[in-house]
Amino acid sequence: MRPPIAFAHRGARAHAPDNTLESFRLALRLGATGLESDVWVTADGAAVLDHDGVVRQGLRKRAIGDVARADLPAHIPTLDDLYAVCGTAFELSLDVKDPAAAPVAVAVARTAGDGAPGRLWLCHHDWKLVRTWRPLGDEVRLVDSTRLRRIKEGPERRAADLADAGVDAVNMHATDWTAGLTTLFHRFERYCFGWDAQFDRVLASLLAMGIDAVYSDHVDRMMAAVTQSQR
């Protein structure tokens, strides 16, 4: 992808409280072309954006899946809220922490319209689960989020399996990527995403390898690096 997608990790979390509408709005104002978050489903079926999936109620901690949307803390937005406030003109990477959230997220994106489903990237660490989401829509993007050490069968076999399964991209930690690996996955027409790209040298290295997307907390650094890489 040229230019690569610049995903703001949990919004502009280096500059504002993460996974809040404030943080997502700020990330877009700073130039991010993508937003990243984690998606869960509440007890009454709402897709909400939160990292841990646990909220405190009094002295107790409860899983978001056991709590109705109206009873969640006000800072936790729904996916509907995100689209209502930020529009749809950005790529959206969602780490699907609750597999039940995948179809709900796609339904919300369809309701948002304006091509949102085609800019929705659903991520999970089990690619065999991810491939079961392909019937949710041909335009929805699917991502294998993994680490190089977890690919026991080898990267070439994984790339072939992802291509056969219709999983669009592989997302690995910044330190896992090499130019050879990006070339390999591109040979199978799979996109290469790199997360935890927090420092200038890491961002520059990934972009020089031909990575297709980077994830960073520091939107200002990320956008400067992406701009420099396109010169």
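Things to note:
- Here the Karplus curve 6.51 cos²θ - 1.76 cosθ + 1.60, taken at θ = phi - 60°, turns the phi angles of the stretch 157-166 into couplings of 5, 5, 4, 5, 5, 5, 4, 5, 8, x Hz, with x standing for Gly and Pro.
- Residue-by-residue Karplus 3J(HN,Hα) for the stretch 214-219, coefficients 6.51, -1.76, 1.60, Hz, glycine and proline x: 10, 10, 8, 6, 9, 5
- Spread of Cα-to-Cα distances over 10 Å intervals beginning at zero, given as percent, for the chain: 8, 34, 37, 18, 3, 0
- Cross-link partners of residue 152 among aspartates and glutamates (Cα-Cα below 16 Å; sequence separation of 8 or more within a chain): 126, 144, 161, 176
- For the stretch 1-91, the gyration tensor built on C-alpha atoms gives a prolate shape. Its axis ratio a/c (a ≥ b ≥ c) is at least 1.5, and a/b is the larger of a/b and b/c.
- Under 19 Å from residue 61, Cα to Cα: lysines that are on another chain or at least 8 residues apart: 97
- Taking the helices alone, the chain has a mean residue ellipticity at 222 nm of -9000 deg cm²/dmol, built from -39,500 (n - 2.57) per DSSP H run of at least 4 residues and averaged over all its residues.
- In sequence order, the stretch 167-174 has phi-based couplings of 8, 6, 8, 10, 10, 10, 4, 3 Hz under the Karplus curve 6.51 cos²θ - 1.76 cosθ + 1.60, θ = phi - 60°, and Gly or Pro positions carry x.
- The stretch 38-130: radius of gyration over Cα atoms, expressed as a fraction of 2.2 N^0.38 Å: 1.07
- Normalising the average separation of contacting C-alpha pairs (under 8 angstrom, six or more residues apart) by the number of residues puts the relative contact order of the chain at 21 percent.
- Using a cutoff of 8 angstrom between alpha carbon atoms and counting only pairs six or more residues apart, the relative contact order for the stretch 11-113 works out to 31 percent.
- Rule-of-thumb Rg ratio for the stretch 75-198 [Cα; 2.2 N^0.38 Å; N residues]: 1.08
Throughout, read-outs are computed from the coordinates displayed, never taken from laboratory work. Being a predicted model, the structure only gives us computed values, none of them experimental.
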